[in-house]
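Trainee: I am attaching a structure below and will ask some questions about it afterwards.
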Amino acid sequence: MEATLLAALAVAMLAHLTVFALVLGVFAHLEELRRRREIMGRTLGLSPEDATRRRPGALGWLTGIFLSAAESFGRKVQPSKAEDISATKATLLHAGFRGQNAVEIYWGIKIGMALIGIGLAAALVLVVMPTMRPEYKFLAGAGIVSAFFYAPGLVLNHLVTKRQRAIQNGLPDALDLLVVCVEAGMGLDGAIQRVGMELAHKEPVLSSELRLLTLELRAGKSRREALKNLATRVGLEDVGSLVALLIQADMFGTSIAQTLRVYADAMRTKRFQRAEEIAAKLPVKLLMPLVFFIFPTLLLIILGPAAIRLMAMFSHTHK
């Protein structure tokens with residue numbers, strides 16, 4: 001009896017020590033990851049809030065597994081043509097996905113969604129709609145598969161548009177700050193770094209691009225190459241024109257402050273014209289809601305009592 005009790009105690013102590021060692025190892029691993037993130041954040045110039053926001057948990061672990069699986073699958077099913085890969089890489093770059101394996105992950109998700117759509121369409125056609133005519137089954141299945149296949153591309157295009165709109169809206173303010181910094185005596189590289197820090201909370205997307213530009217300049221790239229990389233990453237005509245002006249000013253030795261001031265005025269005028277264009281399109285966009293939702297309600301409210309009185313009057317007349 002005593003031997004059995006001692007054995008049970010030994011097993012319990014061993015189990016407790018095993019669990020304690022596992023928990024200690026997990027916490028040590030998480031602390032190591034946190035330390036590495038802090039070092040990376042200091043290297044990239046991230047604030048503590050950004051580092052805390054990027055801290056992975058269980059969801060981050062599951063996301064990592066999902067992305068690894070998508071990468072492995074996408075490497076096998078991605079297109080073989082270099083033109084298609086280059087176009088996908090450019091679109092992902094404009095959306096802010098700069099990872100080395102972004103193309104493989106994207107195609108893995110895209111083809112995986114298509115396979116899910118095929119399975120869902122087969123289940124829907126065979127189980128839910130078994131009595132439907134064959135042509136309707138084919139149309140329903142093709143529609144579901146097409147929706148699942150093109151959904152990642154539509155989401156990616158939406159992210160590109162959203163990111164480019166954010167950069168376009170914040171560019172005039174960034175140019176004004178650049179003009180102030182350059183006219184105060186700062187060099188262009190230092191002014192770009194300062195503006196990237198100042199816009200971290202108001203324009204985070206543009207701030208991240210300026211920080212990356214600063215990192216490329218610190219790494220030893222020429223200003224011409226770093227500015228061209230900025231235009232390639234953003235994919236906006238306004239940014240491309242600004243980069244061309246800065247490269248020309250650097251080549252010919254003209255005043256960078258004057259160049260930035262002229263372009264900032266042009267950007268401000270263009271933003272005002274864009275706002276006027278949106279305001280001019282508003283009556284046309286309001287036409288359909290007015291016709292189908294607002295006017296019928298107004299007619300019902302205005303003519304409803306009169307119609308009720310007329311109906312009552314005619315009913316009394318017939319009696």
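The values are calculated or read from the model by the stated rules, or taken from the named source; none is laboratory data. All values derive from a computational prediction rather than experimental measurement. Backbone-built Cβ (ideal geometry, glycine too); neighbour counts: all protein chains shown.
Trainee: Have a look at 234, 262, 243 and point out the one that is aliphatic (A, V, I, L, M), in contact (Cβ under 8 Å) with a residue 60 or more places away in the chain and in contact with a helix residue (DSSP H, G or I) (Cβ under 9 Å, 6 or more places away or on another chain).
Mentor: None of the other options fit; the residue is 234.
Trainee: Please find, within the range 135-174, the residue that is surrounded by the most Cβ atoms within 10 Å (Cβ to Cβ) out of those that are touching an Asp or Glu at 6+ places or on another chain (Cβ under 9 Å) and hydrophobic (A, V, I, L, M, F, W, C).
Mentor: Result: 174.
Trainee: Identify the residue in the range 141-183 that is small (Gly, Ala, Ser) and within 25 Å of residue 235 (Cα to Cα) and, among all such residues, is farthest from the chain's Cα centre (by Cα).
Mentor: The extreme case among them is 174.
Trainee: Of (1) in contact with a helix residue (DSSP H, G or I) (Cβ under 6 Å, 6 or more places away or on another chain); (2) surrounded by fewer than 19 Cβ atoms within 10 Å (Cβ to Cβ), residue 227 satisfies all except one. Which?
Mentor: (2)
Trainee: Kindly establish whether residue 231 is within 20 Å of residue 172 (Cβ to Cβ), of a type in the set (Gly, Ala, Ser) and outside any loop (DSSP other than H, G, I, E, B).
Mentor: It is true that residue 231 is within 20 Å of residue 172 (Cβ to Cβ), of a type in the set (Gly, Ala, Ser) and outside any loop (DSSP other than H, G, I, E, B).
Trainee: Test each condition in (1) under 15 Å from residue 174 (Cα atoms); (2) in a loop (DSSP other than H, G, I, E, B) for residue 254 and report the one that comes out false.
Mentor: Answer for residue 254: the failing condition is (1).
Trainee: In the range 152-207, what residues are in contact (Cβ under 8 Å) with a residue 40 or more places away in the chain and in a loop (DSSP other than H, G, I, E, B)?
Mentor: If the condition is that a residue be in contact (Cβ under 8 Å) with a residue 40 or more places away in the chain and in a loop (DSSP other than H, G, I, E, B), then 200 is the only one that fits.
Trainee: Say whether the condition of being surrounded by 15 or more Cβ atoms within 10 Å (Cβ to Cβ), over 19 Å from the mean Cα position of the chain (by Cα) and more than 29 Å from residue 237 (Cβ to Cβ) is met by at least one residue in the range 92-112.
Mentor: For the range 92-112, residues surrounded by 15 or more Cβ atoms within 10 Å (Cβ to Cβ), over 19 Å from the mean Cα position of the chain (by Cα) and more than 29 Å from residue 237 (Cβ to Cβ): present.
Trainee: Turning to a different aspect of this structure: Counting just the residues of the range 47-86 that are out of contact with any helix residue (DSSP H, G or I) (no Cβ under 8 Å at 6 or more places or on another chain), loosely packed, with under 13 Cβ neighbours inside 10 Å and modelled with pLDDT of 80 or more, which one comes out nearest to residue 203 (Cα to Cα)?
Mentor: Result: 86.
Trainee: Restricting attention to the range 71-102, which residues are farther than 20 Å from residue 231 by Cα and in contact (Cβ under 8 Å) with a residue 24 or more places away in the chain?
Mentor: 71, 72, 73, 74, 75, 77, 78, 79, 101
Trainee: Taking residue 97 as meeting all but one of (1) assigned to a helix (DSSP H, G or I); (2) at pLDDT 85 or above; (3) among the hydrophobic types (A, V, I, L, M, F, W, C), write down the number of the exception.
Mentor: (1)
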